[in-house]
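Following: one structure in structure tokens, then a few remarks.
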Amino acid sequence: MTDLPHDYRCIRLVGSFEELVMTPFGDGINALCWPRELPGDFGEIVEKLQVGRGITSLDEARLLALDLSDAGQVAREILLRDQKLLRDRELQPSLDCINGYVNEIESELLRTDVQSWHVDSATVEADTYLCTYSGACSEGLPNEEAVRRVDVPELRAQLLRLYGGEDDEGFREWLNENYLDLHYTALPQARPFSFGLGHLWRIATEWPGSPVPPCVHRAPETVAGRPARLLLIS
């Protein structure tokens, strides 16, 4: 797994926020990355928050209330600036401190949590923006290196048994209603790539009429004792 992917055909690197927003998806490219080396101490912000297990959403007031060093203040200004960039584009960014996931599912067959390979979906044209500032990073997969879990014959057969019916429109509706058709399995030769720290990404979602397949990705696995993750997502 590479720190910053340069050799994946599905990814294009851009040089500015404007280019990140305005570059269209197409020709197999379904992930855009604005690489950044960010100054500041984002780990200090995570440490000062002292969050419990689960996901804690951070608003501007809570960030501004933190007593931070000079490096921590630099990091805070970047967090506030990035959110403003997205809001000015009429997006709705959320800054989250993630210290594990409370409702993790043990069954690999039925997993629909964000730590499972998956794609995002929408009923209208929409993209996903995300940036990890501190902690473990998201991962992505080229589409040709993944297969939908429901398209693996033995897994589809197991899902059919759970559904208790025929492989018909009702079964497909059941998969959709339970988000099971959005989750993937990596092929044996798959080469996951890391979204890295500080880089702002825009990835394609599944929506009617999308010119490219959605980007397959997942959140990092929960590891006991690992520092909480600071994530911006929209």
Point to revise | Residue check for Pro211: surrounded by fewer than 16 Cβ atoms within 10 Å (Cβ to Cβ) and of a type outside the set (A, V, I, L, M, F, W, C) | key: yes
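The rows are residues; the columns are (1) without any contact (Cβ under 8 Å) to a residue 12 or more places away in the chain; (2) exposed (fewer than 15 other Cβ atoms within 10 Å of the Cβ).
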{"position": "Val46", "(1), (2)": "no, no"}
{"position": "Gln50", "(1), (2)": "yes, yes"}
{"position": "Thr56", "(1), (2)": "no, no"}
{"position": "Leu63", "(1), (2)": "no, no"}
{"position": "Leu68", "(1), (2)": "no, no"}
{"position": "Val74", "(1), (2)": "no, no"}
{"position": "Leu80", "(1), (2)": "no, yes"}
{"position": "Leu86", "(1), (2)": "no, no"}
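Where residues in segment 189-204 are farther than 14 Å from Cys10 by Cβ and in a loop (DSSP other than H, G, I, E, B), which of them is modelled with the lowest pLDDT?
The first filter runs over segment 189-204 and keeps only residues farther than 14 Å from Cys10 by Cβ, leaving 189, 194, 196-200.
Still in the list and also in a loop (DSSP other than H, G, I, E, B): 189, 196, 198-199.
On the way: Gln189: 90, Gly196: 94, Gly198: 96, His199: 97.
Filtering first and then ranking leaves Gln189.
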Revision key, fill the gap. Looking across segment 41-70 at residues that are in contact with a helix residue (DSSP H, G or I) (Cβ under 9 Å, 6 or more places away or on another chain) and part of a loop (DSSP other than H, G, I, E, B), the single one that is farthest from Tyr133 (Cα to Cα) is Asp67
Review point. Quick one: would you say Leu32 is hydrophobic (A, V, I, L, M, F, W, C) and modelled with pLDDT of 95 or more?
Key: yes
Review point. If you check Thr222 against the conditions, is it loosely packed, with under 14 Cβ neighbours inside 10 Å, of a type in the set (Val, Ile, Thr), assigned to a loop (DSSP other than H, G, I, E, B) and touching a residue at least 40 places away in the same chain (Cβ under 8 Å)?
Key: no
Review point. What is the number of the single condition among (1) in contact with a strand residue (DSSP E or B) (Cβ under 6 Å, 6 or more places away or on another chain); (2) under 30 Å from Lys84 (Cβ atoms) that Pro192 does not meet?
Key: (2)
Revision key, fill the gap. Residue hits (segment 21-44; over 20 Å from His217 (Cβ atoms), surrounded by 15 or more Cβ atoms within 10 Å (Cβ to Cβ) and of a type outside the set (A, V, I, L, M, F, W, C)) are Gly40, Asp41, Gly43, Glu44
Exercise for review: Could you run through segment 98-154 and say how many residues are more than 14 Å from the chain's Cα centre (by Cα), modelled with pLDDT of 90 or more and farther than 30 Å from Met22 by Cβ?
Suggested key: 8
Practice item. Please work out if Leu91 is part of a loop (DSSP other than H, G, I, E, B) and either in contact with a strand residue (DSSP E or B) (Cβ under 8 Å, 6 or more places away or on another chain) or not β-branched (Val, Ile, Thr) (or both). Key: yes
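Conditions tested, residue by residue: (1) among the β-branched types (Val, Ile, Thr); (2) at pLDDT below 95; (3) touching an Asp or Glu at 6+ places or on another chain (Cβ under 6 Å).
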position: Gly40; (1), (2), (3): no, no, no
position: Glu44; (1), (2), (3): no, no, no
position: Val51; (1), (2), (3): yes, yes, no
position: Leu79; (1), (2), (3): no, no, no
position: Glu90; (1), (2), (3): no, yes, no
Exercise for review: Those residues that are assigned to a helix (DSSP H, G or I), touching a Phe, Trp or Tyr at 6+ places or on another chain (Cβ under 8 Å) and free of Cβ contacts under 8 Å to residues at least 40 places away in the same chain, I need them from segment 11-40; list them, please.
Suggested key: Glu19
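The values are calculated or read from the model by the stated rules, or taken from the named source; none is laboratory data. Remember, it's a predicted structure, so these values are computed and weren't measured experimentally. Methodologically, a virtual Cβ is constructed for each residue, glycine included, from the backbone with ideal geometry; neighbour enumeration extends over all protein chains shown.
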